[in-house]
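Below: one structure, written as structure tokens.
Nothing in this text is a laboratory measurement; each read-out follows from the coordinates by a stated rule. Since the model is a prediction, treat every value here as computed from it, not as a measurement. A quick note on method: Cβ atoms are made from the backbone with ideal geometry, for glycine too, and the neighbour counts reach across all protein chains shown.
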């Protein structure tokens, strides 16, 4: 009894020290709210009698958590971790990841060299729940692009969940794959796998999910052994695959680090795909996760990330305070499918504000203060941070409505009671809030009303990261058993789910949109929950095993379209910088209806990505180079219904263009003197009758012939 009493006192003292309050209900902590909640729950279990020895170390014996250390003094943190025999990986000069015993997290968070740590909260996959599809030929930026640029000599990184490493979409033969490194990051210390035999033997990352395989297929699926229809944007690119069933920040950063390290070791350009994200961040590009990724691409490399699928959701709300001490109530319409709801608040300007929790009765519209005791007993947290970069105050809230030691709401299951967070601000101050999962309540105008802006996820919000929205390119597809499936919507329109910008600091997010509705790509047939349903479009047998292609929608699907196209551009010029890619997107993207070309819109970015037009700009940027990079073909051809557009991949001393009938009779001839890299010649087909023809393009060192069917 005495021992229990002492342990209880120790826990209480520890909790009071760690949660030293500067305001009611709030804690100043180096941990994010998710990790803070995790540690608090571990402490509660240690003193609740659920463990025989009633100690934190016994509750978490043998358990390690992969967490991120954002450091002011990385050297001292590394030294301390090594002295504790904790394995860690350096990500940048100020960021490292480490598998830390749960009972040592508190101790390590107190190190003076640690600025902030994050860990257990996971990013979400950004595919839509309702899946449907269309052939990748209908979404490829160059639908009729007869191009030598296929991503050859470029590394595409896939950091995702549910990757089938041995899918035939990535195989070159029975014994070889274009995946050159694979790493399953499932929350336990593991190592990357190299070599075709080892990667094929690895089979998958073990997640019960199609997402990572589908995304990989859109970006870099090939047709050597796989589908002749549903192949990817860059089918000859090499792939580095990091499967992350445990999608924590630490594992995601480890995955990007692997892509970067492999590319640097091989001396190849790289672009990584992140079809995932979260809205629990300050939406100004200043969160540590996005900033770390920004740093990782500064030495060369590109990251493309999904803007999000919250286009219809009221997950953002803001209030401008007219006087000091004014109170504004942000009412949370909880997602009752889970116990924990997270919120993030940030204030414009550099003044602090207070957050206090209340119950809100939807029938009587009464507000009742939740006592500090019940708030803490429930396991809910309010953690406060001051961002040294922006000078803004950010507060993360972790809500546990039930399942803790006390229920915060008496009748939350029927929606009669909701949780309201009272923000007390200062005159001239604007405070923004985001909720995930769930939405803000919008029935009563006397409280803060939400909107559908400022929705772009992190990491897509990053300054050096390309954020991608989605539009519909097709509204129907064919299943494996020849049924035609369709979905509502008009091709060419923005996808209803595509998240809108902007950022709080005026960052132009998203930058671009790509096809994301109803795309067909490789499916993970090894997942436990796989079914041969009406989303499956093609079955390809190989070596006694069936491999599958199927339908999904979301900004998750739009993002690898852009990733693959950027790989094509990098093949043409491996030295492209992020600024150059951003400029190409601005110059060449096709505007939506009502949008002005070259002008950014908070919903559309600069418009719809155009692979061919972008390639033309890449070639023009290096027009002084007379030799072709990474391709033996002198031209790229874009086949349109009434014309062929012929783009020169390198500067030539001359070029001759001929058209012949099927029986070999010449009916057209044009000679060009010294065509330059990036120069385009348009060949009208209006003078041709229906039939089969051959176009022949001859330069000093090459001859290209293609069939034309009119």
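The alpha carbon gyration tensor of region 166-301 gives principal lengths a ≥ b ≥ c with a/c of 1.5 or higher and a/b greater than b/c, which makes the shape prolate. Sorted on the mean count of surrounding Cβ atoms within 10 Å across their residues, most packed first, peptides 598-609, 71-82, 311-322, 360-371 read 598-609, 311-322, 71-82, 360-371. Take each peptide in 99-109, 189-199, 693-703, count the other Cβ atoms within 10 Å of every residue, and average; sorted highest first, the result is 99-109, 693-703, 189-199.
Measuring spread by the Cα atoms of the chain yields a radius of gyration and Dmax of 27.5, 104 Å. Quick check on the chain: of the DSSP beta bridges with both residues there, what percent are antiparallel, nearest 5%? Once the DSSP bridges in the chain are tallied, antiparallel ones form about 80 percent. Helix 33-47 sits at what angle to the longest principal axis of the chain, using alpha carbons and giving 0 to 90 degrees rounded to 10? Rounded to the nearest ten degrees, it is 40.
Full extension of the chain between residue 295 and residue 687 yields a length gain of 135.7 nm, computed as 0.36 nm times the residue separation minus the alpha carbon distance. Overall, the ratio between the Cα radius of gyration of region 316-451 and 2.2 N^0.38 Å, rounded to two decimals, is 1.01.
Helix 2-18 and the longest principal axis of the Cα set of the chain meet at an angle near 60°. Per-residue ellipticity at 222 nm computed for the chain from its helices equals -6000 deg cm²/dmol, with DSSP H segments shorter than 4 residues left out and the rest contributing -39,500 (n - 2.57).
Peptide packing for 253-259, 202-208 was compared via the average number of neighbouring C-beta atoms within 10 Å per residue; ordered from the highest value, the list is 253-259, 202-208. For the pair region 79-100 / region 349-375, the C-alpha centres are spaced 39 Å from each other.
Can you compute the FRET efficiency between residue 73 and residue 229 using 1/(1 + (r/R0)^6), with r the Cβ-Cβ distance and R0 = 45 Å? Round to the nearest 0.05. The pair residue 73/residue 229 has a calculated efficiency of 0.25. Spatial offset of region 475-514 relative to region 215-291 amounts to 20 Å, using the alpha carbon center of each. Using Stokes-Einstein with the Kirkwood hydrodynamic radius over Cα pairs, what translational diffusion coefficient do you get for region 462-593 at 10 °C and a viscosity of 1.306 mPa s, in µm²/s rounded to a whole number? Estimated via Stokes-Einstein, D reaches 94 µm²/s.
Quick note on region 182-231: its Rg to Rh ratio, both from C-alpha atoms and Rh being the Kirkwood radius, is 1.01.
Size check on region 633-709: the Cα extents along the three principal axes, sorted descending, read 34, 23, 18 Å. So for region 196-256, what percent of the C-alpha to C-alpha distances run longer than 20 Å? Looking at region 196-256, the distances longer than 20 Å represent 33 percent of pairs. A full extension of the chain between residue 478 and residue 110 corresponds to an added length of 126.7 nm, given 0.36 nm per residue minus the alpha carbon distance. For the chain, the longest principal axis of the Cα atoms and the long axis of helix 578-588 meet at an angle of about 60 degrees.
For the chain, what does the relative contact order come out to in percent, with C-alpha contacts under 8 Å and a separation of six or more?
Relative contact order for the chain comes out at 15 percent.
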